[in-house]
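The values are calculated or read from the model by the stated rules, or taken from the named source; none is laboratory data. Predicted model only: the values in this text are computed from it and were never measured. Please note: Cβ atoms are built from the backbone with ideal geometry, for glycine as well, and neighbour counts cover all protein chains shown. Only protein heavy atoms, including side chains, enter the accessible area calculation; ligands, DNA and RNA are left aside. Shrake-Rupley method; radii C 1.70, N 1.55, O 1.52, S 1.80 Å.
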Amino acid sequence: MLFALGDYGFGALVGIVTTLAVRLLVEPGMDMVVAMLLGMAAGMVLHLILGFLAAPLLGMFQTMIPAAFIGMYGGMLFGMRDSMNAGSTTLGAAVLVGAAFGVLVVLALKVYDAALRGVAFDAGR
Amino acid sequence: MDDVATRRKWDDASRTMDFFDFADDRRLGPPRQRLFAKARGTTLMVGAGTGNDFKFFPPGLFVVAIDISPKMLERAALKTPQHAGTITLYEMDVCNLDFADGSFETVITACTFCSVPRPAAGLRELHRVLKPGGRLLMFEHVRSRIGPIGVLLDLMTPLSQRFGPALNRDTVGNVRTAGFRVTRVENVYLDIIKTIEAEREDPPQR
């Protein structure tokens, strides 16, 4: 239970930190391709740092996989949004969307994990 | 990467290895314990690391544990009392095992073949030292077949393997290529962390 709460909290944190970094790096009107690549790179670096800090408490893979997904793919999406100035005009709104994105990714991975977990192949069956 | 570079990398990693054990033991300990409970007879553990897996071995098991890193083995030696059986440690490269053919009834690995530079060569050595009918029990992380997650693991591997393991190995495929018969594969986390059970088949009877 505590690990599950930690997973969601950590996902929200990665979403928020990625949002803030992208907001700092990407100006409205910036070339969208550049903004998306910048967002992805920022997310990539940040997820490694945050993942390394959280891994002792939550587990190596349970932090690395969601964090990479949120940081890299989220970074691209946030970069696209901020370059177009499309929605989440206030920082508070952007942070909320970032946190929600992080929580949603963790939830999706948990659902996927539950579906995949168990015997994948058994020669005796 | 040559053996000296591999040894140095894992000597360096030995200092931080136990740092990550708290959560991994709790979240991934039970499947490891269930897998290792299937070990029988004289058992070879490849990649002893800092000895974190010793506590998951079934009582009474006779284990020969190897690692390429002397620093890892120094730490592992302190954890041998956690196993209610016998553990003997050797510094050895899995690609060049100093054991006779058919020496072991079971081989155990735990997050080892993400780190062996030549996994196919290492697995062929394990095939050689296992008795016919002997079992290979692996707890490993592999490349995901889920498209976007597989891509993430590919992207992270050039960085991760500078300090630690590769994240995109096809270990199940490598086990088959080395001549083993894979008997069971179980997903532990997504399709990334798996238990893999395989056996060395008896030679055909004439």
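Just flag the trypsin sites (Lys or Arg not before Pro) in region B:25-81 sitting in loop per DSSP whose Cβ has no more than 16 other Cβ atoms within 10 Å. Before the final figure, lay out each step's value.
Working: sites: B:Arg26, B:Arg27, B:Arg32, B:Arg34, B:Lys38, B:Arg40, B:Lys55, B:Lys71, B:Arg75, B:Lys79; in loops: B:Lys38, B:Arg40.
Qualifying residues, ordered by number: B:Lys38, B:Arg40.
At 15 Å minimum axial length over the Cα atoms and a Kyte-Doolittle cut of -1.0, report the qualifying DSSP H helices in chain A, or say none. Kindly include the intermediate steps, with their values, before the conclusion.
Values: long enough: A:2-25 (34 Å, 1.61); A:32-58 (37 Å, 2.26); A:91-116 (37 Å, 2.06).
Flagged H segments are A:2-25, A:32-58, A:91-116.
So, taking all protein chains as they sit and a 1.4 Å probe, how much accessible area belongs to B:Phe163, in Å² rounded to tens?
Here the accessible area works out near 140 Å².
In terms of the ratio Rg/(2.2 N^0.38 Å) built on C-alpha atoms, what value belongs to the protein assembly as shown? Walk me through the numbers on the way to the answer.
Working: Rg = 21.8 Å, N = 331, 2.2 N^0.38 = 20.0 Å.
Here the answer is 1.09, to two decimals.
What FRET efficiency comes out for the pair A:Met1/B:Ala100, r = Cβ-Cβ distance, R0 = 35 Å, nearest 0.05?
Details: r = 50 Å, r/R0 = 1.43.
After rounding, the FRET efficiency stands at 0.10.
Suppose only helical runs count, i.e. DSSP H with n ≥ 4. What mean residue ellipticity at 222 nm does that imply for chain A under -39500 (n - 2.57) per run, divided by all residues and rounded to the nearest 500 deg cm²/dmol? Provide the component values of the computation, followed by the final result.
On the way: 5 runs with 96 residues, N = 125.
Calculated from helices alone, the mean residue ellipticity at 222 nm is -26500 deg cm²/dmol.
Taking A:Lys110 as the anchor, which lysines have their alpha carbon closer than 24 Å to its alpha carbon, excluding any fewer than eight residues away along the same chain?
Candidates past the 8-residue exclusion: B:Lys194.
How high is the relative contact order of chain B, given as a whole-number percent (alpha carbon pairs under 8 Å, six or more residues apart)?
Details: 417 pairs, mean separation 39.1, N = 206.
After rounding, I find 19 percent.
So what is the calculated 222 nm ellipticity per residue for chain B, using -39500 (n - 2.57) for each DSSP H run with n of 4 or more, over all residues, to the nearest 500 deg cm²/dmol?
Details: 6 runs with 72 residues, N = 206.
So the helix-based figure for chain B works out to -11000 deg cm²/dmol.
Mean Kyte-Doolittle of at least -0.5 plus a Cα span of 20 Å or more along the axis: flag which DSSP H helices in chain B meet both, please.
Span-like helices here: B:147-163.
Which lysines have a Cα less than 19 Å from the Cα of B:Lys79, not counting those fewer than 8 places away in the same chain?
Hits, sequence-local ones excluded: B:Lys55, B:Lys71.
Would you please classify the overall shape of region B:2-199 from the alpha carbon gyration tensor, given that a ≥ b ≥ c denote the square roots of the eigenvalues, rounded means a/c under 1.5, and beyond that prolate means a/b larger than b/c while oblate covers the rest? Provide the component values of the computation, followed by the final result.
Working: a/c = 1.30, a/b = 1.15, b/c = 1.13.
Verdict is rounded for region B:2-199.
Pop out a list of residues from region A:77-119 that are at least 20 Å² less accessible with all the protein chains around than in their chain alone; 1.4 Å probe, no ligands or nucleic acids counted.
Residues losing area: A:Leu109, A:Tyr112, A:Asp113, A:Leu116, A:Arg117, A:Gly118, A:Val119.
By average Cβ neighbour count within 10 Å, what is the ranking of B:144-150, B:181-187 from highest down?
The densest-packed peptide leads the list: B:181-187, B:144-150.
Tell me, what is the per residue accessible area of region A:1-48 in Å², probe radius 1.4 Å?
52 Å²
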